[in-house]
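One structure is given here, and the rest of the page talks about it.
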Amino acid sequence: MGFKRKNPGNQSIRRQLTFYMGFFVVLPLCLALMLLNFYLQKVTTENKINNETNLLSQIRDNADQMIEVTNYATSMLMTNKNTLKNLRTLEQDGDSYEIYQAKRELSNDISNVESSVLNAVNGKVAILTKTGYVIGSYALSRTETDYEKEQWYQEVLKNGRKTTYSTGIGEIFQEMTIYDNVQKYLYMGREILDYSGKNLGVMLIRLSETNIWGKLAASMVTEEGGALYILDRNNNILMGYNEKYQKQLKELGEQESVKEISEKEIITGNLEDDFYYIAGELENASNKLVYLVPREIFLKENRKILQHILEMVLLVIGFTVCTMLYFSRRLARPLVEVAQTLEKAPNGMAVLEEPRGSFQEMSKFVSCYNQAGKKIEELLEKVERESRLKEKAHYEMLMSQISPHFIFNTVNSIRIMAIKEGQDRAGGNENTEKALEALGDILHAVYSNKNGMTTVGQETALLKAYVDIMQMRFGSSFQYYNVIPTELFYYEIPAFTMQPIVENAILHGVKGVTAGQIIVSAIEYENDFVISVFNNGNSADKKKIEDLLKGEKNQRAVTGIGLYNVNSRLKLLYGESYGLIYNEKVRNGFEIWVRLPKKITESEER
């Protein structure tokens, strides 16, 4: 067989593909990415700013609404006649019943307000009387704080009914056992005046951080960075979410745009430390809501980027597909010519010649194929010889005959059993009939098997008949259990595979053993299954196992087929990975595994 030598001018497929893909795909893609980079940076920044601005606006609206509801609820409580009456009573110092009753009524009024109007905003209220009592929904105690000297108290008195914001109010709530953690709340104070303008006490309010920020803050402030603040007019922190960036916060307070911010206005800007900020003023207070975040974190994640990247990927995929279609057609042409030559050749074997316009790889393929053609012819001859040997092994297996010694012993045992049953008229002939039926099943299985193959179910029935005869011969010295799942009964198995193994278990395992047991089970896997034959009788050493699996066949076997023949048949039919396996881990007893492929017999398929 000969072929044309390769053209020295041919280039490898890899080299040509690299050149074309680099020139027509990679280079244009790089240029496109450079242009897209500038465009995406601009779009990313704009979309991120708009998104974060909208989130901050929603947080501001939520905070304004909570403050408005709180002001409304506390105004109702402050102007309530019963509240004013009880506060006048508490101007007297002492422990009279009237004073106690006034404190209880104020506590009940506060509890009613918290459970109704303030329940939606999770607000808490306390009244600080002129005599130093702190009255809440669950507290009636005198404060230990010298509040009259505190700055926040003076500011509350100065602002009157107008809401005053201060973190110092948290000290009063800390004294009340049900309140804690000053850093997580927004604190407010309002002076309580009667109709004549006389001071009767101070209304203290606390709003939860969780309700003010809501779930929106978590989407703005991540573990990587970012912070939210509510600042007063002097840029003091009233409440914060992930409080840090103190240096940048101080710099932010010096920004003129932040100082002059107006209601409903939201401004954005940059700080010198490469930080970005968004700020807005609360409508119901002169406080500012501020969002601070490092620029690199601010621009890290953006849905618009993902959208443009997806568009870019789709563009690259479409371009690549078109390019590859062209080159694959060009590369496949020599392969198509070779395939057409093989299709026209008898049995798919032909002497190939190198196609025109092919590559170095195709030249090498043609050379190797022609060389392999000779080897294939040699292998076909070898396979044919092995096939004849395989058929011969099948024939020997089919022609195996039942041991005359076994037939003689079985018939003699049946004769003795029949005599005993004849003497015992009441016993009947059930045992004799059972023994004859079992012997008939075995003879039928031996002589009626035409193709040498059977099913697991039929093999199981044969085993039962054989065990019945052996139990008749040796008495009930052992018990036999078959727990093979019924779903395995339709799989193919060579005839008389299991009988020699069970026979070996009886004669060399449980014979002469008290309470002997033989258990036949199976496990199913993806492509094959394993049948286990275990007996709790005599153990076998490694040398004995080698004699059984590799030695000459056991001439005392019922069918003349020993473990060696069984193992050889399985390996010949299915390959070296199948056959008999001795379980060396069993110490008390003896176990043989039979590994078989999962095949359905032809009769079952039909």
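Every read-out reported here was derived from the displayed coordinates using simple, explicitly stated rules and does not represent laboratory data. These numbers come from a predicted model, not from an experiment. All Cβ positions, glycine included, derive from the backbone under ideal geometry; neighbour counts span all protein chains shown.
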Using a basic spin-label model with each label point 7 Å from the Cα along Cα→Cβ, how many nm lie between ALA461 and ASP274?
8.4
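Please compute the net charge surrounding ALA465, taking Lys and Arg as +1 and Asp and Glu as -1 over other residues with Cβ under 12 Å from its Cβ.
Details: positive: LYS434, LYS464; negative: GLU437, ASP441, GLU459, ASP468.
It works out to a net charge of -2.
So for THR268, THR514, fewest C-beta neighbours within 10 Å to most, what's the order? Write out the running numbers ahead of the final one.
On the way: THR268 16, THR514 8.
Lowest to highest Cβ neighbour count: THR514, THR268.
Only four residue types carry charge here, +1 at the Cβ of Lys and Arg and -1 at the Cβ of Asp and Glu. Report the dipole size of the range 34-164 about the Cα centre in Debye, rounded to the nearest 20. Don't skip to the end; give the middle numbers.
Working: 15 positive and 17 negative charges, 50 e Å.
It comes to approximately 240 debye.
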Quick one: check the C-alpha center-to-center distance for the range 95-112 versus the range 570-594, whole angstrom.
90
For LEU36 and ARG161, extending 7 Å from Cα along the Cα-Cβ vector and measuring point to point gives, in nm, a value of 6.3
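So if we plug the beta-carbon distance of GLN360 and LEU315 into 1/(1 + (r/R0)^6) with R0 = 51 Å, what FRET efficiency do we get, rounded to 0.05?
Details: r = 34 Å, r/R0 = 0.66.
Taking R0 as 51 Å, the efficiency between GLN360 and LEU315 is 0.90.
Could you give the length gained by full extension between GLU46 and GLN255, i.e. 0.36 nm per residue of separation minus their alpha carbon distance, to one decimal place?
Result: 73.0 nm gained on full extension.
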Output ³J(HN,Hα) for the range 410-415: one whole-Hz value per residue in order, computed from phi by the Karplus curve 6.51 cos²θ - 1.76 cosθ + 1.60 with θ = phi - 60°, and x for Gly and Pro.
5, 5, 4, 5, 5, 4
Computed E for TYR138/LYS247 - FRET, C-beta separation, R0 35 angstrom, nearest 0.05
0.25
Per-residue Cβ neighbour rank within 10 angstrom, fewest leading, PHE38, PHE365
PHE38, PHE365
Starting at the first residue of the range 123-138, write each ³J(HN,Hα) from the Karplus equation 6.51 cos²θ - 1.76 cosθ + 1.60 with θ = phi - 60°, in whole Hz, x for Gly and Pro.
x, 10, 10, 9, 10, 9, 7, 5, 8, x, 7, 10, 10, x, 5, 9
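Quick one: grab the alpha carbon gyration tensor of the range 79-212, order the square roots of its eigenvalues as a ≥ b ≥ c, and give me rounded if a/c is under 1.5, else prolate or oblate depending on whether a/b is larger than b/c.
Details: a/c = 1.45, a/b = 1.27, b/c = 1.14.
Rounded, because the longest to shortest axis ratio a/c is under 1.5.
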ILE267 to ILE237: FRET efficiency via 1/(1 + (r/R0)^6), r the Cβ-Cβ distance, R0 25 Å, to the nearest 0.05?
0.85
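Do any of LYS247/LYS288; LYS264/LYS288; LYS124/LYS162; LYS42/LYS264; LYS375/LYS571; LYS162/LYS288 go past 20 Å between their Cα atoms, and which? If you can, show how the numbers build up before the last one.
Values: LYS247/LYS288 18 Å; LYS264/LYS288 11 Å; LYS124/LYS162 18 Å; LYS42/LYS264 26 Å; LYS375/LYS571 25 Å; LYS162/LYS288 17 Å.
Over 20 Å Cα-Cα: LYS42/LYS264; LYS375/LYS571.
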TYR133, TYR582 arranged by Cβ crowding within 10 Å, fewest neighbours leading
TYR582, TYR133
Given N residues in the range 212-309, what is Rg(Cα) / (2.2 N^0.38 Å)?
1.09
Hey, for a label at SER111 modelled as a point 7 Å past Cα toward Cβ, could you say which residues of the range 128-148 have their backbone N under 19 Å away?
128, 134-142
